[in-house]
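These notes concern the structure reproduced below.
The values are calculated or read from the model by the stated rules, or taken from the named source; none is laboratory data. Bear in mind the structure is a predicted one, so any value in this text is a computation, not a measurement. Cβ: placed from backbone, ideal geometry, glycine included. Neighbour counts: every protein chain shown.
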Amino acid sequence: MSGVHALAHHPLVRRLVKYASVSVIASLTSLTVLAVLVGVVGISPVWANIIAVGIGTLPSFELNRRWVWCLAGQRIRAAQVIPFCLLSFSSLVLSSFAVRAASAITVHDSRLLHTAVIEAANISTYGALWGLQFVLCNHFLFRSRRLGPRRDVVVSSRESRDRAGPGSLRRRPSRTSPSRSSLATSRSPGR
């Protein structure tokens, strides 16, 4: 059980879960726009896909940058925007081919089936590219020097926070070296 707990709290796993959450939000945004444009408005599936992906890319970039990779305080850099847009564009090209093929197969079916197959083609393409995009974002695009919170700095307890003021930090002794108090206790005579 402790192995599962440790895995669940590993910084990379937590980042992957956040990335998956952002992907769900971006996908729901894109799929909603795609369904409305194809199923209700009647726009060409390829053009609807381009518009939907463009709209879904905006929350994806900002949420990934600010929440998943914790770069909220930093300025947006062209070194992040351009590669992210290129990743999104390459995904868009592949999903547009899939959407076009799905549209050609179901062009004479009911509008509901036609729209559902187009959405399935869109989501399958992005699903296939999802892991690759995470690796590229994690190692190159939003690369940071650390994966999670520093292990040697923790937020103080309520009691010490009340004495020291809000937001105070204290150092936690390293696990590899014994604390000074434990050294003094272990060296004292009679123990």
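From SER103, SER91, SER96, which residue is in contact (Cβ under 8 Å) with a residue 12 or more places away in the chain, within 22 Å of ASN138 (Cβ to Cβ), of a type in the set (Ser, Thr, Tyr) and surrounded by 13 or more Cβ atoms within 10 Å (Cβ to Cβ)?
SER91
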Q) So which of SER103, SER60, SER44 ends up being within 21 Å of GLN133 (Cβ to Cβ) and either of a type in the set (S, T, N, Q) or at pLDDT below 90 (or both)? A) SER60
Q | Members of region 46-76 found to be over 13 Å from the mean Cα position of the chain (by Cα) and closer than 28 Å to ILE105 by Cβ, listed by number | A | VAL46, TRP47, ALA48, ASN49, ILE50, ILE51, ALA52, VAL53, GLY54, ILE55, GLY56
Q: Would you please list the contacts, defined by Cβ atoms under 7 Å and residues six or more apart or on different chains, that run from a residue in region 1-13 that is surrounded by 10 or more Cβ atoms within 10 Å (Cβ to Cβ) to a residue that is modelled with pLDDT of 80 or more?
A: LEU7/VAL13
(Q) Tally up the residues in region 107-126 that are in contact with a Ser or Thr (Cβ under 9 Å, 6 or more places away or on another chain), farther than 11 Å from PRO45 by Cα and of a type outside the set (A, V, I, L, M), please. (A) 3
**Q.** Selection within region 43-58 - farther than 15 Å from LEU87 by Cβ and either in a helix (DSSP H, G or I) or not assigned by TED's automatic domain parsing to the domain that holds LEU136 (or both)
**A.** PRO45, VAL46, TRP47, ALA48, ASN49, ILE50, ILE51, ALA52, ILE55
Q.
I'd like to verify a number: residues in region 124-137 that are of a type in the set (Ser, Thr, Tyr) and surrounded by 17 or more Cβ atoms within 10 Å (Cβ to Cβ), how many?
A. 2
(Q) If I filter region 25-42 down to residues being free of Cβ contacts under 8 Å to residues at least 24 places away in the same chain and in a helix (DSSP H, G or I), which single residue comes out as surrounded by the most Cβ atoms within 10 Å (Cβ to Cβ)? (A) LEU37
Q) If we scan region 72-87, do we find a residue that is within 15 Å of ASN138 (Cβ to Cβ), surrounded by 15 or more Cβ atoms within 10 Å (Cβ to Cβ) and touching a residue at least 60 places away in the same chain (Cβ under 8 Å)? A) yes
Q. For residues in region 106-123 being in a helix (DSSP H, G or I) and exposed (fewer than 13 other Cβ atoms within 10 Å of the Cβ), which is farthest from the chain's Cα centre (by Cα)?
A. ARG111
